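**Student:** I am attaching a structure below and will ask some questions about it afterwards.
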Amino acid sequence: VQLQASGGGLVQAGGSLRLSCAASGRTFSGYVMGWFRQAPGKEREFVATISGSGGSTYYADSVKGRFTISRDNAKKTVNLQMNNLKPEDTAIYSCAASSSPVIATTRRGYPYWGQGTLVTVSS
């Protein structure tokens with residue numbers, strides 16, 4: 001599966017952005033999809049993940065209540081709606097995929113990665 005993230009940009013604190021990740025290949029619904037981010041000088045960290053059916057979602061504590069992950073299996077896309085953005089959300093956001101039925105919250109659980117999209121939140 002190939003992945004391409006988009007939707008990043010510059011936004012003021014308190015604002016919103018919607019990231020999208022488009023996937024190619026068959027059986028998209030068979031993949032658990034995740035979003036990760038990497039801030040300058042920091043390690044890549046888990047943000048959110050969603051099961052193949054979309055019925056299960058998990059979030060990092062730092063984004064819970066502000067971010068929402070969703071997917072459209074017919075369009076082969078996964079989205080990350082980010083509200084009430086904070087300067088500490090500034091990072092490169094990447095989408096990832098796993099064909100394992102186990103939902104992972106670590107980067108090692110995702111063999112497939114797309115190029116990231118930059119989100120910058122100004123104070």
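The values are calculated or read from the model by the stated rules, or taken from the named source; none is laboratory data. It should be emphasised that the depicted structure is a prediction, and the values quoted were computed from it without experimental measurement. Glycine gets a Cβ as well: all are built from the backbone with ideal geometry, and neighbour counts include every protein chain shown. Keep in mind that these areas ignore ligands, DNA and RNA; they rest on the heavy atoms of the full protein, side chains included. Shrake-Rupley method; radii C 1.70, N 1.55, O 1.52, S 1.80 Å.
**Student:** When each pair of different Cα atoms in the chain is counted once in the 1/r mean, what is the Kirkwood radius in angstroms, to one decimal? Kindly include the intermediate steps, with their values, before the conclusion.
**Tutor:** Values: mean 1/r = 0.0709 Å⁻¹.
So the Kirkwood estimate lands at 14.1 Å.
**Student:** Okay, next question. Computing the accessible area with a 1.4 Å probe over protein heavy atoms, can you report the carbon and sulfur percentage for the chain?
**Tutor:** The value for the chain is 47 percent carbon and sulfur by accessible area.
**Student:** Follow-up question, since we're still on this one. State, as an integer percentage, the relative contact order of the chain based on alpha-carbon contacts under 8 Å between residues 6 or more apart. Walk me through the numbers before you get to the answer.
**Tutor:** Working: 307 pairs, mean separation 44.9, N = 123.
Rounded, it is 36 percent for the chain.
**Student:** In whole angstrom, note down how far apart the Cα centers of segment 104-122 and segment 4-21 are.
**Tutor:** 14
**Student:** So what are the ³J(HN,Hα) numbers for segment 9-19, from phi and the Karplus equation (6.51, -1.76, 1.60; θ = phi - 60°), rounded to whole Hz, Gly and Pro as x?
**Tutor:** Per residue, the Karplus-derived 3J(HN,Hα) values read x, 9, 9, 7, 4, x, x, 10, 9, 10, 8 Hz.
**Student:** Kindly report the accessible area of segment 8-123 per residue (heavy atoms of protein chains, probe 1.4 Å, no ligands, DNA or RNA), in Å².
**Tutor:** With all protein chains present, segment 8-123 gives 52 Å² per residue.
**Student:** Let me ask you something else. From zero up to wherever the largest Cα-Cα distance of segment 75-123 sits, split into 10 Å bins and tell me the percent of pairs in each.
**Tutor:** 21, 44, 30, 5
**Student:** Another question, if that's okay. Towards the positive end of the charge dipole of the chain, with charges on Cβ (+1 Lys, Arg; -1 Asp, Glu), say which of Ser16, Thr27, Ser100 has the farthest Cα.
**Tutor:** The residue sitting farthest along the positive end of the dipole is Thr27.
**Student:** In terms of the Cα gyration tensor, with a ≥ b ≥ c the square roots of its eigenvalues, is segment 1-56 rounded because a/c is under 1.5, prolate because a/b exceeds b/c, or oblate?
**Tutor:** Prolate, because a/c is 1.5 or more and a/b exceeds b/c.
**Student:** Assign one of three labels to segment 19-90, namely rounded, prolate or oblate, based on the Cα gyration tensor with a ≥ b ≥ c the square roots of its eigenvalues; rounded applies when a/c is under 1.5, prolate when it is not and a/b is larger than b/c, and oblate otherwise.
**Tutor:** Prolate.
**Student:** Can you run phi through the Karplus equation (6.51, -1.76, 1.60; θ = phi - 60°) for segment 104-118 and list ³J(HN,Hα) in whole Hz, with x for Gly and Pro?
**Tutor:** With coefficients 6.51, -1.76 and 1.60, one gets 9, 10, 10, 5, 5, x, 10, x, 10, 9, x, 5, x, 10, 8 Hz.
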